[in-house]
């Protein structure tokens, strides 16, 4: 620690742990077996099962997919992996294959073919006249199994959010399908468009069903649920309610400066979950309305881009400040493709960037126009999936939400910086 230096004037920070409920670990193999066997009943031996896998950083994803492959094989069917991630990975077969490999989902590791074709075919049109397309790799299979985490969506609030229906519509729609869906959603609303597109696809796509994953506040799987095609929307709506109750939150409603160590597509479709940071991908204002639902964050600094994001920095536009090293890690083309496909133009705009963390934090504090910068309400998190261990300023002590319990892990102390004037990593499980 001799190479780290403190800085002033900045608020002293306290390290703490949010006390989340402790859930027993899930037996992935047993859960997948129990949930998939009923879906496979009646599927003939030798049938090709396309297992659709997306680009989210789901904990134990490779283990879940491997278990699904085993169950399909034990049934006598033939499993293949199909990327289901819309325009992610730059909208290319190689980019999507690389993304899945980063999660341990590859031909070499799982011993099954991976079909990363971006070709689509029309599946019909909605009542409003929007053409719906689907990837040939899914349409050509005997059955399609969707594997995805279910949680509230980052861009809208509704009965269904990010999960099986979205994977069917946007993921299997590939780049072109994602583009068509987002265009329709901009006119009729996200949930309405999801349901309309799904209604066109369900009679055409040979769905086996879905394997829904629920994660807790620690980003660990707590439930796996097999969902038959006929119950897709209804079951997902019930699961989405459960997922909402399991989501973590910041322990404070009002924050002057939020420091987010890392963002990325493996963390959230918008890089940072708007439910955690209190900002929407389609735009925000730093003029906080007291009636705005919490959290209310006046300034936001994001420091790093995760390697698993492969340069996709969609969501960076929700921040006020960032670092030059994050900007260097961006792939502008990949980010641009995602932003234009999703019509999330604000999400790709660059905030003010700084050569190091120290300058970014000092400037962020100055822009608050507080008489005393050390009185600023500062919170630091690793990312929007990891908010169990946090740092917060002394001024926030005793201001945590009533439904939140904090265990203090350190006394108040000045922030420390390495020789490059950057913060050391915030360890999520000290």
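Couple of notes before you dig in:
- Efficiency of FRET from Cβ geometry, residue 308 and residue 204, R₀ 41 Å, rounded to 0.05: 0.80
- FRET E, pair residue 249, residue 159, Förster distance 22 Å, beta-carbon r, rounded to 0.05: 0.60
- Global geometry of segment 277-380, whether rounded, prolate or oblate, following the gyration tensor of its Cα atoms and the 1.5 cut on a/c: oblate
- The chain: angle of helix 174-188 to the longest principal axis, Cα-based, in degrees nearest 10: 70 degrees
- Tilt relative to the chain, helix 190-201 - C-alpha long axis, 0 to 90 degrees, to 10: 20 degrees
- With helices as the sole contributors, the chain gives -8000 deg cm²/dmol at 222 nm; each DSSP H run of n ≥ 4 counts as -39500 (n - 2.57), and the sum is divided by every residue.
- Normalised by the number of residues in segment 1-159, the mean separation of alpha-carbon contacts (under 8 Å, six or more apart) gives a relative contact order of 23 percent.
- Computed E for residue 410/residue 374 - FRET, C-beta separation, R0 25 angstrom, nearest 0.05: 0.90
- A Gaussian network model of the chain, with springs between Cα atoms under 10 Å, assigns the largest mean-square fluctuation among 46, 90, 177 to 46.
- Centre separation in Å (Cα based) which lies between segment 51-127 and segment 203-280: 19 Å
- Full-extension gain in nm, residue 292 to residue 128, via 0.36 nm per residue minus C-alpha separation: 55.6 nm
- Length released on extending from residue 395 to residue 340, taking residue separation times 0.36 nm less the Cα-Cα span: 15.7 nm
- Gaussian network model of the chain, springs between alpha carbon atoms under 10 Å - residue of 76, 364, 104 with greatest fluctuation: 76
- Taking a ≥ b ≥ c as the square roots of the Cα gyration tensor eigenvalues, segment 28-246 comes out rounded, since a/c falls below 1.5.
- Taking 57, 95, 311 as the candidate residues, the one with maximal mean-square fluctuation in a Gaussian network model of the chain, Cα springs under 10 Å, is 95.
- Among 265, 402, 37, 151, the ranking by other beta carbons within 10 Å of each residue's beta carbon, starting with the fewest, stands as 402, 37, 151, 265.
- Inter-site label distance for residue 238 and residue 119 at 7 Å from Cα along Cβ, in nm: 4.0 nm
- In the list [x] 19; [y] 54; [z] 61, the label attached to percent of Cα pairs over 40 Å apart as derived from the coordinates here is [x].
- Acute angle (nearest 10 degrees) that the helix 61-74 long axis makes with the longest principal axis of the chain, alpha-carbon atoms: 10 degrees
Read the figures in this text as sums done on the coordinates, not as results from a lab. Being a predicted model, the structure only gives us computed values, none of them experimental. Reconstructed Cβ throughout: ideal geometry from the backbone, glycine too, with neighbour counts over all protein chains shown.
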